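As structure tokens, the structure follows; a few thoughts come after it.
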Amino acid sequence: MQLEKVVLKDQNWLFRSMPPTLWDELLPHIVEIKLPLGKVLSESGFMMDYLYFPSTAIVSMLYELESGSSAEIAVIGNEGCVGICIFMGGGSTLTRAVVQSAGMGYRIKASKIITEFNKGGPLMHLLLRFTQALLSQMTQTAVCNRHHTLDQQFCRWLLLSLDRLQSNELVMTQELIANMLGVRREGVTEAAGAVQRAGLIKYSRGHITILDRLGLERRTCECYQVVKTEHERLLPDKFAV
């Protein structure tokens, strides 16, 4: 049992950063769940019943327009949680949370999180620190989408995803990538083709294998490093190299 507790705690940065007393309090309320590709964890305008903690999955935060078009504003993996509206007091959010890379995760009922958060103790400080890191990613994404090329945005997206995976492979269709980046599928085909011809990735039938991470870092814009540096500062030992 003790070993299981240690293994579980290491699955997510927020879990790992909790002091023992808080961890022991939350442990009975943690439920492991499968997070298949495309699973929707929250819809725009709806209240969330759970706070989700990805372990091997990656979740994309999307903003959708009335036309049905969408664009990704942030990605969340095992560094944090999905559902900041629960403890920030808003109740609901304008974004849609969709699993972009299948894997496992955990959930805790919103009522339990609110109770612990309102005590003003370590959980509140951890969640607020993660929220600041998430906001920095959202801000930089908005700037990147406005000022940098699709090629650079594609490389940034690959690197952000790679930071949250335990392997160098992504399973992602062109349609999903297009939804993430807010572009047409043809644009994704062109960007992925250019990066593949440069020898940085291998892309075939929805499978992306990273062949040259350093090459991707050189090819992308400064936005990736700005976000990474801020995450290293706010979430120590998760993103630091």
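Condition check: more than 15 Å from the chain's Cα centre (by Cα), crowded, with 18+ Cβ neighbours inside 10 Å and not aliphatic (A, V, I, L, M). Does Arg219 satisfy that? Write out each step before concluding.
Values: more than 15 Å from the chain's Cα centre (by Cα): yes; crowded, with 18+ Cβ neighbours inside 10 Å: yes; not aliphatic (A, V, I, L, M): yes.
For Arg219, the condition - more than 15 Å from the chain's Cα centre (by Cα), crowded, with 18+ Cβ neighbours inside 10 Å and not aliphatic (A, V, I, L, M) - is met.
Spot the failing condition for Ser70; the list is (1) farther than 21 Å from Leu128 by Cβ; (2) over 16 Å from the mean Cα position of the chain (by Cα); (3) surrounded by fewer than 13 Cβ atoms within 10 Å (Cβ to Cβ), and only one is missed.
Tallying (1) farther than 21 Å from Leu128 by Cβ; (2) over 16 Å from the mean Cα position of the chain (by Cα); (3) surrounded by fewer than 13 Cβ atoms within 10 Å (Cβ to Cβ), Ser70 fails exactly one: (3).
Does region 181-200 contain at least one residue that is out of contact with any Lys or Arg (no Cβ under 7 Å at 6 or more places or on another chain), closer than 21 Å to Thr56 by Cβ and outside the structural domain of Ala102 (by TED's automatic domain parsing)?
Within region 181-200, not a single residue is out of contact with any Lys or Arg (no Cβ under 7 Å at 6 or more places or on another chain), closer than 21 Å to Thr56 by Cβ and outside the structural domain of Ala102 (by TED's automatic domain parsing).
Among the residues of region 156-174, are any buried (at least 19 other Cβ atoms within 10 Å of the Cβ) and either among the hydroxyl-bearing types (Ser, Thr, Tyr) or farther than 28 Å from Thr131 by Cα (or both)?
yes
Pick out the one residue from Glu43, Glu32, Glu66, Glu25 that is farther than 22 Å from Ile108 by Cβ and not assigned by TED's automatic domain parsing to the domain that holds Leu170.
Result of the check over Glu43, Glu32, Glu66, Glu25: Glu66.
How many of the residues making up region 102-120 are surrounded by fewer than 16 Cβ atoms within 10 Å (Cβ to Cβ) and either free of Cβ contacts under 8 Å to residues at least 40 places away in the same chain or outside the structural domain of Ser17 (by TED's automatic domain parsing) (or both)?
6
Pick from region 99-156 the residues that are out of contact with any Ser or Thr (no Cβ under 9 Å at 6 or more places or on another chain), polar (S, T, N, Q) and not in a helix (DSSP H, G or I): which of them is nearest to Lys9 (Cα to Cα)?
Top of the filtered list is Asn118.
Would you mind stating whether Ser204 is of a type outside the set (A, V, I, L, M) and modelled with pLDDT of 90 or more?
When the stated conditions are applied, Ser204 does not pass them.
For region 8-38, give me each residue that is modelled with pLDDT under 95 and among the basic types (Lys, Arg).
Selection gives Lys9, Arg16.
The values are calculated or read from the model by the stated rules, or taken from the named source; none is laboratory data. Fair warning: this is a prediction, and the values are worked out from it, not measured in the lab. Cβ sites come from the backbone with ideal geometry, for glycine too, and all protein chains shown count toward neighbours.
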